[in-house]
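Derivation of every value follows stated rules applied to the coordinates shown; laboratory data play no part. This is a predicted model, so every value here is computed, not measured. We place every Cβ from the backbone using ideal geometry, glycine too, and count neighbours over all the protein chains shown.
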Amino acid sequence: MAIWHISGGKRLEGACFVQGSKNAALPILAASVLTPAVTELINVPRLSDVDASLRILRQLGCVAEQRDNDVYIDSSAVTSCEIPREMMETMRSSVLFMGALLARCGEVRLTRPGGCKLGERPVDMHLSALEALGAEVEEDGCTIVCRANRLCGSVINLPYPSVGATENTMIAACAAEGTTTITGAAREPEIVDLQEYLRKLGAYISGAGTSKITICGFAAERHVGHRVMPDRIAASTFLCAAAAAGGDIELRGVDPSQFSPVRHFLNAAGCDIISGKRSVRLTSDGKLSSPGRIVTEPYPGFPTDAQPLLMAALLRASGKTVFSETVFDKRFAHTAELARFGADITVNGREAQLWGVRSLFGAVASATDLRGGAAAVIAALSAEGESMIIDGGHIVRGYENLDGRLRSLGADIYMEI
Ligand code: UD1
């Protein structure tokens, strides 16, 4: 178990590069088993979720290695279509292997995935989409088995723009005969990145980034290279940290258009933000005021993953801020931890009301989940005095060298393992 030690109240200053995107890398790693090919990825963050995906790939018979931010996968010989329960339970994204393995082997056997506890996280849309492509799905307790002699193109209308269900369907549909149309698709930038990768793999696919994606099979390539997009939630984390603690930071290697809603609310709260094509600079004197009401929504709305981060940034913002969480039914566990720093937050169902306080004080808090843990780090950076964040391994699932990057900006933080 990691413990984060933070001495708060220091301004953040300087420039840092932002890691590659976790949520783009994980579906691409799963998609790499779709065809017998060599995939070389760059800009892959070093994270425990990436390690878990590479372990799954090796379990399936692939060669899968990471050196620094480069990943090499050879999926010529897939020898198993089964993912053991302990591997499935390490993270939610393990479910993305379902579409890829079904397409490659005609069968996949796995269990329900793990991941952050943000309320109910069913996989019904994933399964219905695979059934629409011709798969037979059997569920026996926790075990899910999908089988299909051949997959057939279909029109799939997702009742909600689920990111994972869109990705699983895109991947499986590449191996279907005929044309598949996904309507009601999620529009996140990570889905556009997956489309780029699938195209390099030889897929005829278009429409990612809109709510209608069309897939018409593929002509397999043997060797694929791809650069993973930058992590817009990690970028948002640094912006929120500097907004809360005060500072002047520049983030490099990012695409600011991918986190416009976060920039919008930080700007409305009183931060100066200058965006370039591949960089963003934020200046804050740490004296913020409420930007009003924030409603989480699928992309291009305000991202649910940034809700805990922005909340932590606004704990001292004058006035009342309301957060309305529409994506997950239980995503306020971090509020009890933020209260330990002196925050004034009341939760009522899917809504949290935050009244800005004059100052925060150092505290011992827990990382409730990945972004909840990052929110506690942000609160500690803007609190007076010493804090400890007790982390059961959540933060390292999604952040590469978070303490080192924050130290390079002047924060007094270190992670004890
Ligand atoms: C992805 C992201 C996660 C982000 C989330 C929403 C990755 C690896 N993770 O998760 O960081 O918080 O998108 O932006 O990319 N749902 C169903 N049935 C399903 C699938 C989803 O009811 O079959 C519901 C979920 O319970 C949730 C909502 O749809 O309430 C959104 O989930 P989804 O978009 O699927 O999120 P993930 O892909 O799991």
With +1 on the Cβ of every Lys and Arg and -1 on the Cβ of every Asp and Glu, the dipole magnitude of the chain about its Cα centre, in debye rounded to the nearest 20, is 720
Among T35, T296, T210, the residue with the largest mean-square fluctuation in a Gaussian network model of the chain built from Cα contacts under 10 Å is T210
For the range 350-389, listing GluC sites (Glu not before Pro) in a DSSP loop whose Cβ sees at most 16 other Cβ atoms within 10 Å gives none
Simple SL model, points at 7 angstrom along Cα→Cβ for C142 and E177; separation in nm is 3.8
Rounded to the nearest 5, the percent of DSSP beta bridges in the chain running antiparallel is 70
Once the in-chain neighbours fewer than 8 apart are removed, the aspartates and glutamates whose Cα is under 20 Å from K330 read E89, E120, D124, E297, D305, D344, E351, D369, D391
Note on the chain: contact order normalised by length, alpha-carbon pairs under 8 Å, 6 or more apart, percent, works out to 21
Where a ≥ b ≥ c are root eigenvalues of the Cα gyration tensor, a/c under 1.5 meaning rounded, otherwise prolate if a/b exceeds b/c and oblate otherwise, the range 148-200 counts as oblate
Note to self: C-alpha centroids of the range 108-169 and the range 292-323 sit apart, in Å, by 31
Checking the range 312-389 for trypsin sites (Lys or Arg not before Pro) in a loop per DSSP with at most 16 other beta-carbon atoms within 10 Å yields K330, R358
Between H223 and R58, the FRET efficiency computed from the C-beta separation at R0 = 22 Å comes out, to the nearest 0.05, as 0.65
Loop-resident trypsin sites (Lys or Arg not before Pro) in the range 163-242 with no more than 15 other Cβ atoms inside 10 Å, DSSP not H/G/I/E/B, are R222
Lys and Arg at +1, Asp and Glu at -1: neighbours of M415 with Cβ under 9 Å from its Cβ sum to -3
Taking the range 169-254, the equivalent ellipsoid from its C-alpha gyration tensor has semi-axes in Å, biggest first, of 34, 15, 7
In degrees rounded to 10, the 0-90 angle between helix 48-59 Cα long axis and the longest Cα principal axis of the chain is 20
Here D for the range 25-150, in µm²/s, from Stokes-Einstein with a Kirkwood Rh over Cα pairs at 10 °C and 1.306 mPa s, works out to 108
Taking a crude spin-label model, label points 7 Å out from Cα along the C-beta direction, the E297 to D272 distance in nm is 3.1
Net charge (Lys, Arg +1; Asp, Glu -1) of residues whose beta-carbon lies under 9 Å from that of R281, R281 excluded, is -3
For K277, the lysines lying under 30 Å Cα to Cα, once residues fewer than eight places off in the same chain are dropped, come out as K10, K22, K200, K212, K287
The local net charge around R187, scoring Lys/Arg +1 and Asp/Glu -1 for residues other than R187 whose Cβ lies under 13 Å from its Cβ, equals -4
Mean-square fluctuation maximum in Gaussian network of the chain, Cα pairs under 10 Å, restricted to T283, T326, T335, hits T326
Simple SL model, points at 7 angstrom along Cα→Cβ for R85 and E351; separation in nm is 4.2
